[in-house]
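The next block holds one structure in the form of structure tokens; read it before the comments.
The values are calculated or read from the model by the stated rules, or taken from the named source; none is laboratory data. A quick note: this is a predicted structure, and the numbers were derived from the prediction, not measured. So basically every Cβ, Gly included, is an ideal-geometry build from the backbone, and we count neighbours across all protein chains shown.
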Amino acid sequence: SRRFNIVIAGGGAAGLSTAASILKRRPDVSVAIIEPSTSHYYQPGWTLVGGGVFTPEQTRRSEDRLIPSGAIWIRQSVAAFHPDAREVLLDDGKVLSYDILIVATGLSLDWAGIAGLTETLGRNGVTSNYRYDLAPYTWQLVQGLSRGTALFTQPPMPIKCAGAPQKAMYLSCDAWRRRGVLKDISVQFDTTTPALFGVAAYVPALMNYIERYGIDLRLRSKLIAVDGPQRVATFEHVTDNGTTQVQRSFDMLHVVPPQVAPDVVKNSPLAGADGFVSVDPATLRHTTFADVFALGDVAGTSNAKTAAAARKQAPVVAVNALAALDGKAPVAIYDGYGACPLTVERGRIVLAEFAYGGKLEPTLPLWLLRGTQPTRLAWFLKEKVMPSLYWHGMLRGHELLASPRKAPGA
Ligand code: FAD
């Protein structure tokens, strides 16, 4: 087997940033990144693809240009984790061994978790911004619709970017409002959650838009089946008196799939009870294997699963992984920061930024962001600033606004 100081499973937002941050700090360690895909996607941009603002191509880069120099790219998938032996098994049957393992495989989208969905995705008015190839179809449907019913759905938590199901809806409504057809479209939002957004401080601003667009909000309502050709969606609605099933017809249906830990993680000794990697929420070190760390969507932490969270986690894991390589205790801590730019209309965003426990944590002064209200500045950041910050800052290991905090006593 080949041996590396540090093996990183997954070369997505979290894996690439961590590799770059490690090599910036210590160019002499050997780092391997295991990543099967030849393309990397800026997924936060898919909301704007679905809103007709970005082209899909703007959200894609080839992986080989993003692997930091000094890191070895292994173009495989991890087939199994064997942390007792400090080894990972690859799809091609080869084995890599490591001193330190960093798990950053992201999460799995469980399209099959909704009956009938897979067969009809991309047809019959059924779309999702959660896939690169489908986000353009969202915008195509929005442009084509002038009357009828549009359904938007949100599965149980955890999901990546918990605001994205709503973002798709608000941008669609805004496009219909501008065309003067919104009054002829019945818009319904079915979310399995008990509240519109997990952090209460942002709910009033969002409720304003629900009312303004005339959206029919249905809490605790779960999409369980789709009949594409008949254009009928089945929901399970939880009430005090039990569970009822309702069917509703649609002209357009924007689905966000249930999201789970990848099988390779769930079926490994690294998984906690929820299937995600069991790590300390502050140091991101595994709760039983001291030479394993995890970050990004696959980490079993309670932060909002976002690229913004990965941006803050990457230097923490880089510092702590290098300390572990030296046989030392973790020195940096992560406070649970995550961010969700809620695109409430074209040109305005409610920028939700918060840490563990829903504690508000704005990067810019609150007077600039008007507290929890929508601003043009936040839209400007999302459309013009964040993509460059992502490609040229975060993925290259620059710690823009992300310097890790020291652990107490470190
Ligand atoms: P990913 O970026 O998904 O990368 C995981 C990588 O691991 C992939 O490259 C995959 O190929 C690889 N992999 C998978 N399995 C294996 C395996 N077995 N072996 C090796 N490699 C493997 N975040 C924000 O901050 N702001 C937003 O506005 C925002 N909006 C979003 C809108 C949408 C529609 C979506 C879908 C996401 C959005 N996000 C947003 C969330 C953000 O994209 C994710 O949180 C982020 O990409 C997580 O990074 P990650 O590296 O953990 O996972």
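Below are the figures for this structure:
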item: Which listed residue, of LEU101, LEU117, is among the aliphatic types (A, V, I, L, M) and within 11 Å of ILE34 (Cβ to Cβ); result: LEU101
item: Yes/no for GLY12 being surrounded by 15 or more Cβ atoms within 10 Å (Cβ to Cβ), outside the structural domain of PRO158 (by TED's automatic domain parsing) and within 9 Å of the ligand (Cβ to nearest atom); result: yes
item: Residues of the stretch 172-192 classified as surrounded by fewer than 24 Cβ atoms within 10 Å (Cβ to Cβ), assigned to a helix (DSSP H, G or I) and within 25 Å of the chain's Cα centre (by Cα), total; result: 2
item: Single residue of the stretch 330-384 satisfying the filter (within 14 Å of the ligand (Cβ to nearest atom) and aromatic (Phe, Trp, Tyr)) that is farthest from TYR213 (Cα to Cα); result: TYR334
item: From the options ALA339, ALA378, residue that is assigned to a helix (DSSP H, G or I) and out of contact with any Lys or Arg (no Cβ under 7 Å at 6 or more places or on another chain); result: ALA378
item: Single residue of the stretch 279-329 satisfying the filter (polar (S, T, N, Q) and away from the ligand (no atom under 16 Å from the Cβ)) that is surrounded by the fewest Cβ atoms within 10 Å (Cβ to Cβ); result: THR288
item: Selection count where residues are of a type outside the set (A, V, I, L, M, F, W, C) and under 19 Å from ALA195 (Cβ atoms), scope the stretch 346-370; result: 5
item: The one condition in (1) modelled with pLDDT under 95; (2) over 30 Å from ALA71 (Cβ atoms) that ALA402 fails to fulfil; result: (2)
item: Subset tally (residues that are within 16 Å of ALA104 (Cβ to Cβ) and surrounded by fewer than 22 Cβ atoms within 10 Å (Cβ to Cβ)) for the stretch 265-274; result: 3
item: Residue among LEU171, LEU151, LEU107 that is modelled with pLDDT of 95 or more, more than 14 Å from the ligand (Cβ to nearest atom) and touching a strand residue (DSSP E or B) at 6+ places or on another chain (Cβ under 6 Å); result: LEU151
item: Condition met for GLN259 (out of contact with any Leu (no Cβ under 9 Å at 6 or more places or on another chain) and modelled with pLDDT of 95 or more); result: no
item: PHE250 vs. criteria of a type in the set (Phe, Trp, Tyr) and closer than 21 Å to ALA9 by Cα; result: no
item: Checklist (1) under 28 Å from LYS384 (Cα atoms); (2) β-branched (Val, Ile, Thr); (3) in a loop (DSSP other than H, G, I, E, B) applied to VAL29, failing item; result: (1)
item: Residue count for the stretch 309-353, restricted to those that are more than 13 Å from GLY163 (Cα to Cα) and of a type outside the set (D, E, K, R); result: 25
item: Condition met for ILE22 (touching a strand residue (DSSP E or B) at 6+ places or on another chain (Cβ under 8 Å) and part of a strand (DSSP E or B)); result: no
item: Residues of the stretch 31-55 classified as surrounded by fewer than 17 Cβ atoms within 10 Å (Cβ to Cβ) and more than 9 Å from the ligand (Cβ to nearest atom), total; result: 2
item: Those residues of the stretch 87-107 which are closer than 21 Å to ALA14 by Cβ and either out of contact with any helix residue (DSSP H, G or I) (no Cβ under 7 Å at 6 or more places or on another chain) or basic (Lys, Arg) (or both), in sequence order; result: VAL88, LEU90, ASP91, LEU96, TYR98, LEU101
item: Residues that are under 23 Å from the mean Cα position of the chain (by Cα) and exposed (fewer than 14 other Cβ atoms within 10 Å of the Cβ), drawn from the stretch 80-114; result: ASP110, ALA112
item: In the stretch 246-278, the residues that are within 18 Å of the chain's Cα centre (by Cα) and β-branched (Val, Ile, Thr); result: VAL255, VAL256, VAL260, VAL265, VAL277
item: Criterion: at pLDDT 95 or above, within 20 Å of the chain's Cα centre (by Cα), hydroxyl-bearing (Ser, Thr, Tyr) and more than 25 Å from SER108 (Cβ to Cβ) - qualifying residue of THR55, THR47; result: THR55
item: Filter result for ASP190 (under 23 Å from ALA304 (Cβ atoms), at pLDDT 95 or above and more than 16 Å from the ligand (Cβ to nearest atom)); result: yes
item: Matching residues, the stretch 75-89, being touching a Leu at 6+ places or on another chain (Cβ under 9 Å) and more than 8 Å from the ligand (Cβ to nearest atom); result: ALA80, PHE81, HIS82, PRO83, ARG86, GLU87, VAL88, LEU89
item: Matching entry among PRO387, PRO365 (being surrounded by fewer than 20 Cβ atoms within 10 Å (Cβ to Cβ) and modelled with pLDDT under 95); result: PRO365
